[in-house]
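Below is one structure, written out as structure tokens; comments come after it.
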Amino acid sequence: MVTVEKNFIIKTRDVDFFYGSFRALTNITINFETKRVTALIGPSGCGKSTLLRLLNRMNDLIDGTRVEGEVLFEDRNIYAPDVDPVEVRRRIGMVFQKPNPFPKSIFNNVTFAPKLSGITTKSDLEALVEHSLKQAVLWDEVKDILNRSAMTLSGGQQQRLCIARALAMKPDVLLMDEPTSALDPISTAKIEELIDELKKYYTIIIVTHNMQQAARVSEFTGFFYIGKLIEFNATEKIFTNPDVKQTEDYITGRFG
Ligand SMILES: Nc1ncnc2c1ncn2[C@@H]1O[C@H](COP(=O)(O)OP(=O)(O)O)[C@@H](O)[C@H]1O
Ligand SMILES: [Mg+2]
């Protein structure tokens, strides 16, 4: 019998991460399955955002940081000397906790990075804007106001615009760092529905401190505690019958 190896788009191998001499992550080995949603949970300060930023080399932008071990994207170490971090970030997009649109029009928010990467034809840009905004389920709300400033949108709309902006670069992976923590419940529900739709096309890795959210949106969950991956498993298993006592204490609200 042939065993089919599961398709993991990102794999980390024994990753340690340092801010100066402070070790924020220890020995992280984790596999992210292609076109699935993986949630990273754990108490504040356990290293969730640090790990997320490691996956697309965003930590490079912070002085004095150091990575040990390997982060494989499609089996290639993204920290190898010949890898272009800009290309890594194009293929592995990111959405942050607070919506951070550019102070530009809705249209120009979506086209900003694609223009820099060489797409200049008006019709191509228009098609890209429509497609990205539709994918982010924002098109119907903004199609008549594309030239208006993104800053006039509600927080929830701004966050969906940031998702559209990331999608416009046609990434393979979308990293989301607590994408709904600044949003109201209705906007949060919209983003969660959107995640469910996007996973048909993208691999999604989401940091959340909202355990109900992790349970609702993800197939896999990793529980972190003080820089270590304590338990990684199917979300249902983590939330119903975790193997490790610390995970159970956290998900039942005994600490964190
Ligand atoms: N830029 C930084 N410089 C120094 N230490 C940092 C920096 N960012 C985060 N840390 C530290 O690294 C640890 C993990 O932080 P973080 O990844 O933000 O945790 P989480 O996202 O789980 O709340 C914390 O102890 C935090 O204080
Ligand atoms: Mg964080």
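From least to most packed, judged by other beta carbons within 10 angstrom and beginning with the fewest, 106, 191 follow the order 191, 106.
On the basis of the beta-carbon distance and an R0 of 30 Å, residue 120 and residue 35 show a calculated FRET efficiency of 0.45.
When 102, 224, 32 are sorted by how many other C-beta atoms sit within 10 angstrom of their C-beta, beginning with the fewest, the order is 102, 32, 224. Remark: 125, 175, 161 ranked as 125, 161, 175, counting other beta-carbon atoms within 10 Å and listing the fewest first. A simple charge model with +1 on the Cβ of Lys and Arg, -1 on the Cβ of Asp and Glu and nothing else charged puts the dipole of the chain at about 400 debye relative to its Cα centre.
How many percent of the alpha carbon pairs in the range 1-67 exceed a separation of 20 Å? Considering the range 1-67, 34 percent of its Cα-Cα pairs are separated by more than 20 Å. Each eigenvalue of the Cα gyration tensor of the range 150-230, multiplied by 5 and square-rooted, gives one semi-axis; in descending order these are 22, 16, 12 Å.
The count of lysine pairs in the range 1-146 that are at least 8 places apart or cross chains, and whose C-alpha atoms lie under 15 Å apart, stands at 4. Peptides 209-221, 73-85, 228-240 ordered by packing proxy, namely the average of other Cβ atoms within 10 Å per residue, highest first: 209-221, 228-240, 73-85.
Using the Cβ-Cβ distance between residue 241 and residue 91 with R0 set to 30 Å, the FRET efficiency from 1/(1 + (r/R0)^6) comes to roughly 0.25. Spin-label model, residue 248/residue 16: points 7 Å from Cα along the beta carbon direction are separated by 3.2 nm. Evaluated over the range 167-244, the count of Lys pairs having alpha-carbon atoms less than 21 Å apart is 6 (only pairs 8 or more residues apart or interchain).
Antiparallel beta bridges, as assigned by DSSP with both residues in the range 125-256, represent about 55 percent of the total such bridges. For the chain, the longest principal axis of the Cα atoms and the long axis of helix 155-167 meet at an angle of about 90 degrees.
Projected label points at residue 60 and residue 141, each 7 Å from Cα along the beta carbon direction, are separated by 3.3 nanometres.
A short reminder: the numbers here are calculations on the coordinates, not readings from a lab. All of these numbers come straight from a predicted model, not from anything done at the bench. Neighbour counts run over all protein chains shown; Cβ positions are idealised from the backbone, glycine included.
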